[in-house]
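First the structure, in the form of structure tokens, and then the observations on it.
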Amino acid sequence: MNRALFALVFAACGKKPLPEPARAQVSDTVKAAMDLAADPCVDFYQYACGGWVKATPLPADKPAWTRSFSEIDKTNEELIKGIVEAAAKDSKAKDADWERIGNYYSACMNEPAIEAAGITALQPWLAKIDAVDTPEELARVVGELNTVGANPLFGAWVDPDFKNPQVNIFYVNQGGLGLPDRDYYSKTDEKSLALLKAYEGHILRLLGLSGMDKNAAVNAARDIIAFETAYAALQMPVEETRDPVKTYNKINLGGLQGQIPGFLWSAWLEGMGAGATRDISVDRVSTFTGLTDLLAKTPWPTVQAYLRWNLLRAMAPSLGKAFVDANFDFYGKQVRGQQQIEDRWKRCVGATDNAFGEIIGKFYVEQRFPGDSKEKAQAMVKGIQTSFEQGLPALTWMDETTRARALEKKAAVSNMIGYPDQWRDYSKLSTRPTDHLGNVLMTTQAEVARQLAKIGKPADPTEWLMSPATVNAYYHPLYNQMVFPAGILQPPFFDRSYPSAMNYGGMGMVVGHELTHGFDDQGRQFNAKGQLTEWWDPAATARFTERAQCVSDQYSAYEVQPGLKVNGDLTLGENIADLGGVRLSYRAWKNQGGGAGEPGVEGLSHDQLFFVAFAQSWCSVYSPEFEKMLVMSNPHSPPKQRVNGPLVNLPEFHQAFACPAGKPMRPEKQCEVW
């Protein structure tokens, strides 16, 4: 994620004094979010965010709300709404791209037409599913379902080859479960068992809506639960899926068929339209051999019902009200803890942006990222990279050879800011203003075909994996690249009117976070050219592993809910990146003067304001269900731990708040990686 773009822009623009009213407003906003009665050396998250958390009810249509990301999302959503509504009102007013998004949004908002269409467009797939009774038909139909976004049995995607990142190959990974993680199927506490029973009821509901006989649907729902439970037991724990060495198993098609003979891989590829594919990597062979054994023991009616369920689950948000309500009642309310479904226009804005992100992005950046914003943000990022280089000599655990290679990798990092230099071509896609499901199927199939066409071709490091309006950022290890969309370069992350401490504590930390991802427990295994290889001295690797284990142990001790602790191994990469991100941004801020001579926030030193701004980027309210889901399946720690976790390890924080040794925010054992 991204945050240092703020500070860099501030530095690039010059530190012009704020008018008094604006300065007071910034100060009041910061202080209103705080709980000044809390001890910052006991619970810094409560100190920095307690006021905001107390005053912020969770919106009924959201499972979570964050002071920074959600507020920007809300602003961006309103802006995109204006764009797509204008396009829907007069789709012929501009160019063909304008017409595409106008038609797509119009069709999504046309609920009477959606109701009238029913599931007619799905009938060809349902008929094929009902006819499956041989291994070849199964593999082919699974491939065909993949083309419309239904992914039974496993997932697949295209990316550069871990060992030869100049060329794209096909990756296949465990998947095919309707619950967020495999452990949802094995827990035996009362709430977990109740959720599993509710899941069975949800399957039954959707099968019934698709026209299946009630008695048959009851049996099918029970059998699908049994099948998914058995399959979940074969899958790797989610933390193990983070290991790039363990999950890279490149096999040519013949070898794949030989090692996993129970599934006809060539028929699957033909069903997707990728019959020429030869090089495939699977994340764990034993999972797939276990799956094929399971399939061989499963009656065909259960397999057919499972495939039907996966198609319905994927399509439910795009169907009529009965399907939408059923989908929300389970996944929205029971899995995520969301009390109310989002307004139709919000869902349609999201769907249109998902289908045509770079069309909307062109209109978005004209309004939200104009002029020389990209150049100024690039200058900021370079400042954080310099901070990383400055810190390397102090890493006593790193030998000189590995240190030199780390410098080489840092120097090779490329940055993409704001929006693509070359916009995506959608000229082969046409949309209709009264056929929402048809538009969804068409755009999904087109995107799958676009991805499949990359297999065996040279990798393209200029391609964006997020739309320009996305409020997020990422590091791509195979390209050794950081990407910061225009969507996140907005207030309160990106605003020249803030004191520099706020800019660096906010946006600066995000840039440092993404850069550190290149050197976390996963990223460090890829060299400057993006190749998965051992480029570290073995002694340095051993010392890094010791320090990473310290971080894992620290976070594993954090209890989020009674009996529910952070998974330190699952969140290790993000936790290392958070720790490195705060350090890098703080050093870069000090290089810029550390706020000397600037107005700040009354009652806080500039150093204190830096850490408060960092914490306030993560002030959040979550539903208990959503929080539990994230802890079980998400590689990021919950917000409170994302704030307190890094700071307990930072002497600069301890000094800023005069925290005595032994306080919770200054424990005896501290971790240092980067």
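Rule-based calculations on the coordinates, nothing more; no lab input. Here the structure is a predicted model, which means the values were calculated and not measured. Cβ: placed from backbone, ideal geometry, glycine included. Neighbour counts: every protein chain shown.
Separation of the stretch 163-234 from the stretch 486-525 is 37 Å, based on Cα centroids. Taking the Cα centre of the stretch 135-318 as origin and assigning +1 to Lys and Arg Cβ atoms and -1 to Asp and Glu Cβ atoms, the resulting dipole is close to 200 debye. Scaled to the globular estimate 2.2 N^0.38 Å, the Cα spread of the stretch 176-305, given as radius of gyration, is 1.21. With Cα atoms defining each centre, the stretch 23-72 and the stretch 436-467 are spaced 39 Å apart in the structure. Less than 5 angstrom separates the built amide H of Phe154 from those of Gly176, all sequence-distant by 5 or more or on a different chain.
Test of understanding: ordering Ile83, Ile72, Ile488 by Cβ neighbours within 10 Å, fewest first, what list do you get?
Numbers: Ile83 24, Ile72 21, Ile488 27.
Starting with the residue having the fewest Cβ neighbours, the order is Ile72, Ile83, Ile488.
Relative to one another, the C-alpha centroids of the stretch 370-419 and the stretch 272-306 are positioned 42 Å apart. Diffusion of the stretch 137-213 by Stokes-Einstein, at 4 °C in a medium of 1.567 mPa s and with Rh set to the Kirkwood radius over alpha-carbon pairs, works out to 84 µm²/s.
Counting other Cβ atoms within 10 Å as a rough exposure proxy, the listed residues Ile251, Ile576 run Ile251, Ile576 from fewest neighbours to most.
In this structure the amide hydrogen of Val167, modeled in the peptide plane, comes within under 5 Å of the amide hydrogens of Asp161, Ala459, none closer than 5 places in sequence on its chain.
Past the 29 Å Cα-Cα mark, which pairs from Lys362/Lys529; Lys128/Lys297; Lys62/Lys321; Lys246/Lys529; Lys454/Lys529?
Details: Lys362/Lys529 31 Å; Lys128/Lys297 21 Å; Lys62/Lys321 19 Å; Lys246/Lys529 20 Å; Lys454/Lys529 20 Å.
In this structure, Lys362/Lys529 lie more than 29 Å apart at Cα.
With N as its number of residues, the chain has a Cα radius of gyration that, divided by 2.2 N^0.38 Å, comes to 0.97.
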